[in-house]
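Each reported figure results from applying straightforward, stated rules to the coordinates on display, with no laboratory input. This one's a predicted model, so the numbers in the text were calculated from it and none came from an experiment. Cβ placement follows ideal geometry from the backbone for every residue including glycine, while neighbour counts extend to all protein chains displayed.
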C-alpha cells in the first residue's frame, strides 16, 4: 500500500514537471460529474417537479433533458478523442474547433455558467440548514437569515481551494460520493404511511407550466460536463473524459427516473408540492437527506469551483480578454501545477454577488441559459466536423451526426420554450461578446472561417452538379488529386482509385489526355470524350470532377495540369499516373511527368494496374523501408482514406516494415507510435516486422512472397532512383498485381505531438 502511494506521488510529481497538472485518472471526472448530477435539484426540486408535472411529466422532463445532455456527452467524448485536450476543458475543445473568436465568446459564456453554478450550489447548500436555523430561532427568539450559512460557507470554501488546491477537492469527492450513496439507499429502502392511489398523471391544481418546471429542473442535467474542466490535470484526457462523462450521465439518468417513481408512489401531488424536503419523510433515517443534500451541493460547488477558474485561466492564456494586463493577471498560476490563483480570486467576487441573490429558482434559470448555449455549441462542433469530411478529424470514439444535430437543435428550442426573454437576452449578450472580441482580431480564425470545411464539402457537391448540367471546367480536392490517362475508357483502375480517394475526404479531378494539336477536330473529340466521362461519373456515383486536355505530348500535358487551379479555392497538390502491368509503354512518359510534378512539390502516385482490378478489396499491404520515412505518412493516410469507401468495407490495412537487424526495433517502434497517435485502423494496431538481409534475398522477392494475395500494395519510391533507372523500379515486384508507388513531395502530418 505504501509502495502504491509512493508511486502515485512520483507520477504526480512527474506530471507537474511536464506541465500536465496533477496527472489525475478517470475517477475524478466521474466523481465530479456524478456528484454534480446527484445534487441540489435532485434533493430540493424533484418533489416539486413530480407534483407540478406528474410522474409521467417528470419522466418526460428527464427524457428531454437527456436528449440534450447525452448527445453533448457523446460530442465531448468524440472531440476529446480527436484533440490533444489540455487545460480549459470544454472551452479548449470549442476554441480549437471554432477558433479563438467564437471559441472565446462561448468560453466566456461557459465560464459564467460554471461560476454562477457555484453560487447556485452554495445557496442550495444553505437550504439544508433551514431546519437547524428554525430550531435555533425558536430557542433564542431571533429571526435567523439563510445568509448566515451561505455567505460564510462560500468564503470558507474559497479559502480551502486557494490554500489546498485541486487535490483536497478530489479527496472530498470520494467522501461525498459515499454519503450520497448511503442517503439514496436509505431513501429507496424507506417507506411512508401516506395513503393514496398511484397515478402517473396526477398533479396539483394551478400547477406550473411544463417548460417552467423544465427550466428549474434543467441544471440537474448539466453535471455531466463537470469533470471535463479538469482536462489540464488529467493523465489521459482522451480516455478519461469520454469514459467518466458518459458513465456518470447514464448513472444519473437511471437514478433520476427511480427517484421520480419512488416519490410518485410514496406521496400524492399536494404532499410533494408542500415540502421541499419530502424525501426525508421516506428515508429510513430522515436526517440523512439533509446530510446528503449538504454533501452533494458542497461537492458540486467544489467541482464547479475547481473548473471555473481553470476556464478563465485558459481564456486568459489565449488572450481572449480585452486588455493585455487582464490576461497577464488572470493567466498567472501558483506552484508547479499552475493552480489558477488569480482567476479563483476574481471568481470568488462573482460568486458571492450571486449568492447574495439567495433564490435557488432565479439562479437556476440564469445558468440554464448559459449551459444551453454551451451544450448546443458542443453538439454543433461535432455535427459540423462530421459534415465537413475533414480527414484530420479522426476521433477514436464516434458519435452520430444526427444525434449531434438533434442536441444542438434541442438546445436552441428549449431555450425559447423555457423563457423567450431570457433566451433573447442570452443571444444578444453572446453577439455583443463576439463583436467585442473580434475587434483587432480580423485576421484570426473566426465565425466565417469556422464554416470553411462545411462550405468546401457543399462546393464540391455543387461543382459536380453544376458541371453535369453546364460543363463548367474547374478542378480540385483535399488533398487535391489530379489523375491523367489516355486510356480512360479501357483502363478503369485510375478512375476507380480516384473516386475511392475522393469519396468523402476531399476532391479529385480526372483528366482524359488527347495527344495532338488544338484543332476543330480535337476540340470536338474532347467535347465527346467529356460527355462520356460525365456519364461514367454519374453511373459510378463518383464524387470527382472530370475534364479533357489536348496537348502535343504527355510531358507538356503534365506541365499544364500541374499549374491549373483547383475547385473551392484549393491548390492541387497530388497527381496520379497509371500504367498496365502487361503494357509498359507508358513508363517513359510517366518518368518525364514525375520530373515536372516534383518541380511544383506535388505528391506523386504511380499505379501499376492489372486485370485483377483490386481483387476482393479486403486487404491493403503497406511496405516501408528505411528510405520511406518521408513517404510513410502519405502512404498510411492514403490507405486510410481508400478504405473509407463502401466498396472497401471490411478491408484491413497491414504494414510490413522491412529493416535490417540493427534498424528494425527502432523503426517498428516509431511506426507503432505513428499509427497509435494517428488513430489509423491498422490490423491489431501492430506493425509486422520483416527481416531483410540484402545479401541473401532482394526486397522485391520478399514483397512478392508476402503480398502476392493482397488486393492493393502500397510502397514508396525515390524520384532520383526512378530517373536513374528510367522507370525500371516500376517493372519490378513479380507476382504483385495492383501496386501503388508513392512519393511525398510535401510534409504530411497524421498525428499530434
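With each label modelled as a point 7 angstrom along the Cα→C-beta vector, the residue 699-residue 528 pair spans 4.5 nm. Each residue, residue 334 and residue 134, gets one label point 7 Å from its Cα in the Cβ direction; the gap between the two is 4.0 nm.
Taking 30 Å as R0, compute the FRET efficiency from the Cβ-Cβ separation of residue 600 and residue 721 and round it to 0.05.
Working: r = 20 Å, r/R0 = 0.68.
Working from the Cβ atoms, E equals 0.90.
In this simple spin-label approximation, residue 270 and residue 520 carry label points 7 Å from Cα along the Cα→Cβ vector, and these lie 10.0 nm apart.
So how much slack lies between residue 322 and residue 582, counting 0.36 nm per residue of separation and subtracting their Cα-Cα distance, in nm? Don't skip to the end; give the middle numbers.
Details: separation 260, 0.36 × 260 = 93.60 nm, distance 6.76 nm.
Length gained, residue 322 through residue 582: 86.8 nm.
Between residue 146 and residue 205, what FRET efficiency comes out of the Förster formula 1/(1 + (r/R0)^6) with R0 = 45 Å and r the beta carbon distance, rounded to 0.05? Could you put the intermediate results ahead of the total?
Values: r = 29 Å, r/R0 = 0.64.
Using R0 = 45 Å, I get an efficiency of 0.95.
Ordered by the count of other Cβ atoms within 10 Å of each Cβ, fewest first, 592, 720 give 720, 592. Multiplying the residue separation of residue 409 and residue 160 by 0.36 nm and removing their Cα-Cα distance gives an extension gain of 85.6 nm. Full extension of the chain between residue 285 and residue 428 gives 46.6 nm of extra length, using 0.36 nm per residue less the Cα-Cα distance.
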